[in-house]
Each structure stands twice: as structure tokens, then as C-alpha cells.
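Asker: Questions regarding the structure given below will be posed in turn.
The values are calculated or read from the model by the stated rules, or taken from the named source; none is laboratory data. What you see is a predicted model; the values in this text were computed from it and never measured. Virtual Cβ from ideal backbone geometry, glycine too; neighbours counted across all protein chains shown. Calculation scope for accessible area: heavy atoms of the full protein, side chains included, ligands and nucleic acids excluded. Shrake-Rupley method; radii C 1.70, N 1.55, O 1.52, S 1.80 Å.
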Amino acid sequence: MVEAKMGACWSITKDQFENLEKHTQWGIEVVEKYNKFVKERSEIEISYAKQIRNLSKKYQPKKNSEDEYKYTSCRAFLTTLNEMNDYAGQHEVIAENLSLQIISELSRYTQELKQERKSHFNDGRKAQQHIENSWKQLEQSKRRFERDCKEAERAQQYFERMDADINVTKADVEKRCSHKARQQAQLRHQMAADSKAEYSSFFQSFNQEQNEHYYTLIPHIFQKIQEMEERRIERLGESMKTFAEVDRQVIPIVGKCLDGMTKAAESIEPKSDSQLVIEAYKSGFEPPGDVEFEDYSQPMTRTVSESSLSNSRGDSKPEKSSSKSKVKLWPFKKNKLSLKLGSGPEDFSHLPPEQRRKKLQQKIDDFNKDIQKEMDQRDALTKMKDVYIKNPQMGDPNSVDPRLAEIGQNIEKLQFESQKFEGWLAEVEGRLPVKSEPPRQQSALYETQNSTPVNNNCAQDRESSPDGSYTEEQSSESQIKVPTTDFDDEFDDEEPLPTIGNCKALYPFDGHNEGTLSVTEGETLYVIEEDKGDGWTRVRRNEDEEGYVPSSYLEVFLDKNGKGAMTYI
């Protein structure tokens, strides 16, 4: 009946009050559990973002590998690293928003919820205590009224018994005792009447308070607790919605990061990268000319064709001396030692012509930049000196002269170095093949006997040396002059190198330079030092004859127990 009158309010009994207290405490624990979950998620996002940033930083290009990023594939990889760095930043944004919008807010709200819950249940306990006290007062007044009624009844019975006692002989005593009993009975009746009035007052007051307690006060407190609980549930749902929205807000930016990675991958151009490799490593050497057919069926002197790689122009090659003189290899030994130490010649003559030209041009550009910097400093100091001359109080004009003189010396030194490299560059560019000329085909190595041989004077005039530089002849009698030093004896006395494989000559080669070895087509030789990237292979014919031959002229087979079989064609 009471619950029906309360309507939608919760139960009002004491037992349900305690259950409700336990339930609201459980609700607060749910909020705290969810807040802890979000906090751990935020910590995971921060840790993940940190690991992604460290990974991106780990693979960022170093100073000594910046040249690699001229290729589109390497640039795409660098873009991916940068996008991953931005991607990590979005996870940091997630962690920050979770902390601000959920963790901090729920922590503050939980404290407020605890205070509100404590206040409502304190009010409920006070109301419960008040109604219990009222009930105790009612019970006390009821027992007092009951006691007083019994006392008045006993006093009335005593008076009546004394008044009807016939055994009493003395009138005075009789009158005195009867009067006293009457007064006592009247007093007890009065006390009973007062107790009744008090009990009646407490009874009415308790019923009124009880009615107010169960129909007004307690339902009002429970209504507040119910509203508090509903707000808690609603707030928890809003936090869960925010949890999803925090991720959804960064999805567009994460999508842009992924789009950047995709775009970087699509920007890779294999042909462009291959062209860069070609430009970086092309040597500038001219391919050998066509070999003229030599008819051994006719009794004639064997000659060398004009288009072969001979030094002579129309003259037959002199027969090779049969004496087994040991070849002096010190220029190439010295060159290879310098390459290993990373200190090649200043004019880059150890490089192929095209690479040498690029290195020289780069040095000239560096000198021009340094000259421009010095000239800018000189102009600034000159202006400062003019200001000092016009306004002596600002400074001494003569104080600038030492610095101007130093800059002038630096400019002269840089200009001298630049002119030196420009001379080498002009020398190299004068020997490079004209770019407009179509490249010669090597497929037509064997022409018919009646075909006209191709004139390849350029190839005859320019023969590359093992160190990568060209040697240009002015006539058939000019020879390369190699300076003699004390290194001859040092390399002459060295022990012979072991054989690491064998090779077959694909084309004839006239090694007229000191350190090279002349070979004929089809000749089989021993390999004692493989190509180190400079385009030359060191071979041996017998115990006393060894030297360098262009790797492109050989088909090399290395021992399998060494570095494996490798073929140069």
C-alpha cells in the first residue's frame, strides 16, 4: 500500500535503504573502473607513439648517406618515415584528449558523486533516526500511561476497601485513613489522566511524522538518489561516446598520413632511379671498334685493323719481345693503395672520365660558393668601413683593414684553386666523346671480308689507362711517360699473388702502357686480382708476365671455393 502510494519511487523500507546504499557504491566503483580503463588506454597510446617516433628517428638518413635520397625509392621511404612521425603525433593527440575529456572529467565527477551520495544517505539516516526516536518516545509515553492507569486502579481499590472495613473501632483513625486513601486514589487518577494526554499527544505527533517520513521525506531523498544514479549512468554513457569520438577526430589526419605514404609509393620511378645510377657511374670510355676480319688462308703478314685498339695508325704492330722481363706495376699498386686509404689524386685522375668530370665540376662549384661568401663578407666590411669614415665616432676605419686583407688573400687562393680545377675540367671535357654522336654498336664484331672497315681513329687516339684517365696521342710515336721513383724496386721484389681463377680474352688488347698486359682474342689467362670497381682486372700469363686488362674485355671465372663464379662480359 505504501509502495503503491509512492508511485515510481524506490522501496522505502530500511532493508531496501541499505541495499540501495550498496548499489550506489557499486555504481561509483563502475565509474572508477571505466576511468582506470581509459587511463591505461591513454598510457598505451603514449607508449605506442613514443615507439613509432623512435622507429622513425632510427631510420632517418645519416649525414654520410644523404646521397642515397636522390633516388625516388629512397625519397619515398623518407616520406613514409615523416608520415609515420605525424602518425605517432595523432596517437599522442588521442592520449591527450582522453586525459582531458574523460580521465580528468570523470575523476572530478567521481569526487562530486561521492560527496552527493554521502549527503543524501546522511539525510536518510537522520530521517530514519528521527522517526525511530519518535517511536521510542511514543512507546515510553504509552508505557507510562499504562503504568499510571494501573496505579490509579490500585489506589481506587485500596480506598474502597478501607472505606468498607467494619473492624475499625476508632472513628478518628477511621476517618484519617479513609481520607488519605481517597486523596491517593484521586492523585493516581490525575496522573493517569496526564499520562493519557501525553500519550495521545505523542501518538498524534508520531503518526504525523511517520506519515511525513514515509510519504514525503524518504521518497524525496530516494528521488534525489535515483536522479543521482541516473546522472551517473548518463555521464558514463557520454564518456563512452567521447571515447569513440576521440579516435574518430584523428581519423581524417591519420588518413592523410596514409595517403601521403601511398602517394610517396606511387611517386617511385624505376626508370628515373636507373638513369641516376647510369649518370653516377658511367665512365665515359669509348667502346672498342669493330674487329677486321683477318684471312689466315693467304700467305700474308698478319696486321692489326685500323679500328682495333692499337696505338699505331696504319703501321703494323711490332712483334713482342720474347724476353721474359718482369712487368713493373708500381703505378697501379700506388693507385690502389691510395684508393684504399681514401686519398686519391687531387685531379681525380683515378676515376673514369665522366665521373672525373662530375667530381671536378663539383669542386669548382664549391670553390665558387666559397668565393661568393668571401666576396659578400668583403662587401659588408667595405660598407662598414665607409660608415666609419663618415662617422668616426662609430669606430676606427683602420680596424677593418686587416680583415679585408685576409679576405682578399682567401679570395685569391680560392680563385687559384678554382682555375686549377677548371683547367683539369677543360682537359677532361676536351677528351670526352661528343654527346651528339650515336654510340657505336658492339654487336657487329665480325664483318664479312668484303665489308668496309669503320674508321675508329678516335678509339685509336684515346686509350684508357687502368687508373681511369685518358692518354691521348699526338702521333704514332708518342708514348705515355711514367715518372720513375724509388717505388720500382719495392714492387719488383714483392712475392707473386696467388691465382684466384682464370679468364678468357673476348677481344684483343694492346697494353702499351706500363702496368698493362697485351692479350689476344681467345687467350686464356690466370686471374690474380679481381675488379675492384675501377674497370680493370689483374691477370698473369706466366710466372714473369702479369698486368691489368679492362674487365669488359674478359670473361672471368673465379674459383668456387673463393668468392664464387663471376663473369664479366
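Asker: Among Lys33/Lys256; Lys136/Lys224; Lys385/Lys413; Lys256/Lys358, which pairs are too far apart, with a Cα-Cα distance over 32 Å?
Answerer: From the list (Lys33/Lys256; Lys136/Lys224; Lys385/Lys413; Lys256/Lys358), the Cα-Cα distance tops 32 Å for Lys33/Lys256; Lys256/Lys358.
Asker: Quick check: net charge around Leu404, other residues with Cβ under 14 Å of its Cβ, Lys/Arg +1 and Asp/Glu -1?
Answerer: -4
Asker: Sticking with this one: How large is the dipole of segment 195-278 about the Cα centre if only Lys and Arg carry +1 and Asp and Glu carry -1, each at its Cβ, rounded to the nearest 20 debye?
Answerer: 80
Asker: While we're on this one: Heavy-atom accessible area per residue, segment 39-166, 1.4 Å probe: how many Å²?
Answerer: 65
Asker: Using modelled backbone amide H atoms (1.01 Å from N, in-plane), which distant-in-sequence or interchain residues come within less than 5 Å of Glu546's amide H?
Answerer: So Glu546 has HN proximity to Val327, Arg541.
Asker: A further question follows. Which FRET efficiency value, to the nearest 0.05, do you get for Asp259 and Ser65 by plugging their Cβ-Cβ distance into 1/(1 + (r/R0)^6) with R0 = 25 Å? Can you show the working numbers first?
Answerer: Numbers: r = 27 Å, r/R0 = 1.08.
Approximately 0.40, to the nearest 0.05.
Asker: At 0.36 nm per residue, minus the direct Cα-Cα distance, what do Glu294 and Arg154 gain on full extension? Give it in nm, one decimal, please.
Answerer: Extending this stretch completely gives an extra 33.9 nm.
Asker: Sorted by mean Cβ packing within 10 Å, highest first, what order do the peptides 53-61, 535-543 take?
Answerer: Details: 53-61: 12.6, 535-543: 19.3.
Ranked from most to least packed, the peptides come out as 535-543, 53-61.
Asker: Right, something else. For segment 74-118, build the convex hull from the C-alpha positions and give me its volume per residue in Å³. All intermediate terms of the calculation are to be shown ahead of the outcome.
Answerer: Working: hull volume 1.4 nm³, N = 45.
That works out to 32 Å³ per residue.
Asker: Quick one: which of 82-88, 350-356 comes out on top by average Cβ neighbours within 10 Å, and what's the full order, highest first?
Answerer: Going from most to least packed, we get 350-356, 82-88.
Asker: Something else: Cα-Cα pairs above 17 Å in segment 44-92: how many percent?
Answerer: Distances greater than 17 Å cover 37 percent of the Cα pairs.
Asker: Evaluate 2.2 N^0.38 Å with N set to the residue count of segment 379-422, then give the Cα radius of gyration divided by it.
Answerer: 1.52
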